[in-house]
Amino acid sequence: MSEQPEKQQQLRVVVADDQAAVREPLAAVLALVEDIDVVAAAANGGEVLTAVAAGPVDVVLMDLRMPVMDGIETTRRLAEEHPQVAVVVLTTFADDDSILGALAAGARGYLTKNAGRQDITRAIRAAAAGQSVLDREVQDRLLATVRTKAPAPGQTALPQDLTPREREVLALIGQGLPNRGIAEKLFISEATVKTHINNLFAKADIRDRADAVRRAIAAGLA
């Protein structure tokens, strides 16, 4: 008797957008992806929190400008109350305040609505695996923004116990590369990149990816 192939693990996703003309087609398209199960579609942040509380949910695909509770506040609430749930922002807005606000609130990914289904699917999978995905426009804006900001006092120097590889990874983050790009550049796996990032963030007391870019620039690595 032949063995049955192992069923692919389903990622449980909530799609959040206040416009039904965006939300419903997006949910329908993602529902066709083999490893994605769209468990709810929400029109505002309050509905997102309700859907996540009813759970289980792995990833929220989050619009930023929504009534009742916007995407940044909803992301912050999820980070506090449901830290196991990853957030990927999908929005038309790529201004500095939106990008930095969403990343500071805890979003793992940030895409503009120019992203195609493959880009969105890849970002959802990466976020569920604890990785970050920023589209090129967002990376460029983030780099331009952090280069104009002075580092906080005492934050220029890096810890002496960072390994050479961790410094390499930090330098590549400073150049705007996502985890996949870092893996390709260093000829290592994305899982290994994630381990290096977790280690260097802990050692250097780095809060998020935007903070990592600032630290890399301040240390002369980018």
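Within the range 71-86, is there a residue that is touching a Pro at 6+ places or on another chain (Cβ under 7 Å), of a type outside the set (Val, Ile, Thr) and assigned to a strand (DSSP E or B)?
Among the residues of the range 71-86, not one is touching a Pro at 6+ places or on another chain (Cβ under 7 Å), of a type outside the set (Val, Ile, Thr) and assigned to a strand (DSSP E or B), which makes the answer no.
Test Thr74 against the criterion of being farther than 22 Å from Arg136 by Cα, polar (S, T, N, Q) and buried (at least 20 other Cβ atoms within 10 Å of the Cβ), and give yes or no.
For Thr74, the condition - farther than 22 Å from Arg136 by Cα, polar (S, T, N, Q) and buried (at least 20 other Cβ atoms within 10 Å of the Cβ) - is met.
Got a sec? Which of Ala86, Ala129, Ala53 is among the hydrophobic types (A, V, I, L, M, F, W, C), more than 24 Å from Ser189 (Cα to Cα) and not assigned by TED's automatic domain parsing to the domain that holds Phe201?
Just a single option satisfies the conditions, and that option is Ala53.
Among the residues that make up the range 36-52, is at least one of them touching a Leu at 6+ places or on another chain (Cβ under 8 Å), part of a loop (DSSP other than H, G, I, E, B) and of a type outside the set (Lys, Arg)?
no
Given Ala79, Ala51, Ala27, which one is within 18 Å of Ala127 (Cβ to Cβ) and free of Cβ contacts under 8 Å to residues at least 24 places away in the same chain?
Going through Ala79, Ala51, Ala27 in turn, just one is within 18 Å of Ala127 (Cβ to Cβ) and free of Cβ contacts under 8 Å to residues at least 24 places away in the same chain: Ala27.
Here are some conditions: (1) part of a loop (DSSP other than H, G, I, E, B); (2) within 17 Å of Gly130 (Cα to Cα). Val68 meets all but one. Which one does it not meet?
Val68 satisfies every listed condition except (2).
Check the range 148-164 and report whether any residue there is buried (at least 20 other Cβ atoms within 10 Å of the Cβ), small (Gly, Ala, Ser) and modelled with pLDDT under 85.
no
Please enumerate the residues belonging to the range 166-195 that are out of contact with any His (no Cβ under 6 Å at 6 or more places or on another chain), more than 21 Å from Arg122 (Cα to Cα) and buried (at least 19 other Cβ atoms within 10 Å of the Cβ).
Hits for the range 166-195 are Leu170, Gly174.
Considering only residues of the range 52-65 that are surrounded by fewer than 19 Cβ atoms within 10 Å (Cβ to Cβ) and aliphatic (A, V, I, L, M), which is nearest to the chain's Cα centre (by Cα)?
Ala53
Restricting the search to the range 82-123, which residues are small (Gly, Ala, Ser) and touching a residue at least 24 places away in the same chain (Cβ under 8 Å)?
Ala86, Ala94, Ser98, Gly101, Ala102, Ala104, Ala105, Gly106, Ala107, Gly109, Ala115, Ala123
Considering Val22, Val68, which residue is assigned by TED's automatic domain parsing to the domain that holds Ala104, over 17 Å from the mean Cα position of the chain (by Cα), within 20 Å of Gly109 (Cβ to Cβ) and of a type in the set (Val, Ile, Thr)?
Val22
In this structure, does Ala128 turn out to be under 21 Å from the mean Cα position of the chain (by Cα) and either at pLDDT 85 or above or exposed (fewer than 12 other Cβ atoms within 10 Å of the Cβ) (or both)?
In short, yes.
The values are calculated or read from the model by the stated rules, or taken from the named source; none is laboratory data. Quick caveat, the model's predicted, so the values are computed rather than measured. Virtual Cβ from ideal backbone geometry, glycine too; neighbours counted across all protein chains shown.
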